[in-house]
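Heads up: the structure comes next, in structure tokens.
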Amino acid sequence: MKKKWLSILCAALICASCAACSGEEKTGSGTTSNTVSGTTSGTTSGTTAAAVPSVSDVFTDRDYEVGYSDYVTVTLADGASAADGDGVRIDGSEVTITAEGTYLLTGTLQDGRVVVDADKQDKIQLVLSGASVTSASSAALYIRQADKVFVTLDTGTENRLESAGAYIQTDDNTVDAALFSKDDLTINGSGSLTVCSAEGHGIVSKDDLVITGGSFSVTAASHGLSAKDSLRIAGGSFEIDAGKDGLHCENKDDASLGSIYLAGGSFVVTAAQDGVDAAAWLTVDGGSYTFSTGGGSTNASLKADGTFNRSWGLTGGSSGDTVSAKGFKAAGDLTVSDGSFALDTSDDALHSNANLTVSGGTFTVASGDDGFHADAALTVSGGTILISKSYEGMEGASVTVNGGDITLTASDDGLNAAGGSDGSALGGRPGMGAFDTDVSAFISVSGGVLRINASGDGIDSNGSLTVSGGETYVSGPENSGNGALDYAGAGTITGGVFAAAGEAGMAMNFGGDSTQGAMLVTFDAAIPGGTEIVLRDADGGTLLAFTPEKTFRCAVLSAPGVVQGNTYTVTAGEMSVTVEMTATVVGGSGGMTGGKGFGGVFDRGGFSGEDGRSGKDSPKGGEMPGNGELPGNGEAPEDGGYPEKGVRPGNGELPEPPDGSDGTGAASPGVQV
């Protein structure tokens, strides 16, 4: 099984039955309710990711086997332990299992330990049936050597393993957990196990740790559950209180190992650091997860401006680096296909240093930093996602939404491609200007329902933006420094319903390559949140209806049925605007509406570029079509003078605002055409 499992970890894996998977062949017969259909994890462009394993690849028949027979009973008692068969050595309060076989443990050691020290080829089953072991200075259960050990929690029994003090090492191994294993460890059964570690981890395997059943209560000063090569859980219930990570897997000698696979189970985790931390990839195919990490979202690791919150209280040493307190974290790909998630995290709720792919599950998230974050590609194709609090809702070098029901609230950007102010995504490198273009970055929306409430940009791409389907509704910023829609490359819409409302100061529309009609409408006064925007065709049919949550001054609207040559009506409360679609995209992007744009085509209500962004397509010092040369280039516009105030340093004076504007950035009423 080891050889097969290692082959699944390999990034070049094509399928679980390829030649690399030869060796001991086993299939799982466990009764987990979650199975995997062989989906693949998210990828960046031109990169093929490893196939997601299936339950039968990961868990063997033996992992689920809880029956036992021909066993030796070991009765635990301080200074008086006894065994009714061979394979057991007793020395005071230390009981050592020395041979392959099945051993049933019952009774209590108030200060002692159980040790497994058998041949490297031996498989051993320990049945805990009302066993309680406490050690003042070591692991209560120490598996020093075996091929593999199966710990079965006997039905209807309560068991306890506790390390009560500092660890005193007795051999070459660094024992630092209440249950410590140097070799493969599987825990199964339907009984309960309480694990306490005053100064170390709860349960540790320095190889593979597999759990298929049982009820666990783990309290540990360090990690709750920890493994070196892999951590795999098919079922069970877990209450974990950890001074570091709730679940942790890391192999410092081999970066390809350290993966976590969660197929089921119920988890309630309170962790000072990460809820789940995988040094390789992390896959979640089912289960229920209630996490509080780093003190929760009210103890945000980042302040609203993106700087580290020094009052957070967790630092990585004298350098002051933050300690990770994420919900689910993977150094490799993080893939979620199913499960129920209630996550309250001071750091990112879901985080991948590579690709993050979500195809199912139900999420309720409150995050002090990002809701979902990927350093590479973030892809959502299914699931019900509610992010009630975040710094940025969903962030990646690229963001793709193919499906799902998504509602998110962000104090900065709702969707962000190429990194936020911390430059954490691969494309968002520190030093990039606010309007720099990253050609590798993109946001793509092709399906699902997406509702965004953002105080920064609603949708922000340092590269391109493509909308081809789904429904997207954005309640954008109430400040002029951000826009409901923001992109640095090309912005196109070819299908779907899209509505984005916000302040007009940095308003953008889609670009001229769009094939579905889109309009940017600016109103003559701010309209309070809760006011419905309705787009109707000439016959009075409703094409789009949207109720922004915050005050807005303009809206970008697009829906099937909006075509060039037709006339439409937009109402917002008592205001009504008639829009004539003289082109596929009408209404310039107001970069800074009211005549304070950065350049480009001068339209009523502001400046707009051919790509839908103010000034993006106008060369420095270039001409303003039909309006003379740009200010600061030696000539003033021919059609107006300058306002008395507003001299633009080094660039000449500003042109006179368009008719109907007050010169403060408030555009004239109606659509920007």
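Read-outs throughout are calculated quantities, based only on the coordinates presented, and are distinct from any laboratory measurement. These figures come from a predicted structure and were not determined experimentally. So basically every Cβ, Gly included, is an ideal-geometry build from the backbone, and we count neighbours across all protein chains shown.
Some notes on this structure:
- Diffusion coefficient, µm² s⁻¹, Stokes-Einstein with Kirkwood Rh over alpha-carbon pairs of the range 159-255 at 25 °C and 0.890 mPa s: 185
- Cα-Cα over 30 Å, subset of Lys329/Lys550; Lys182/Lys329; Lys206/Lys329; Lys120/Lys228; Lys120/Lys329; Lys148/Lys329: Lys329/Lys550; Lys120/Lys329
- Between Ser190 and Glu100, residue separation times 0.36 nm minus the direct Cα-Cα distance comes to 30.1 nm.
- Full-stretch length increase - Ala136, Asp513 - with 0.36 nm per residue and alpha-carbon distance subtracted: 128.5 nm
- Peptides 274-282, 147-155, 531-539 ordered by packing proxy, namely the average of other Cβ atoms within 10 Å per residue, highest first: 274-282, 147-155, 531-539.
- Net length available on complete extension from Ala255 to Ala198 is 17.5 nm, with 0.36 nm assigned per residue and the Cα-Cα distance removed.
- Summarised as an ellipsoid, the range 445-598 has semi-axes of 19, 18, 15 Å, derived from the eigenvalues of the Cα gyration tensor scaled by 5 and square-rooted, with the largest first.
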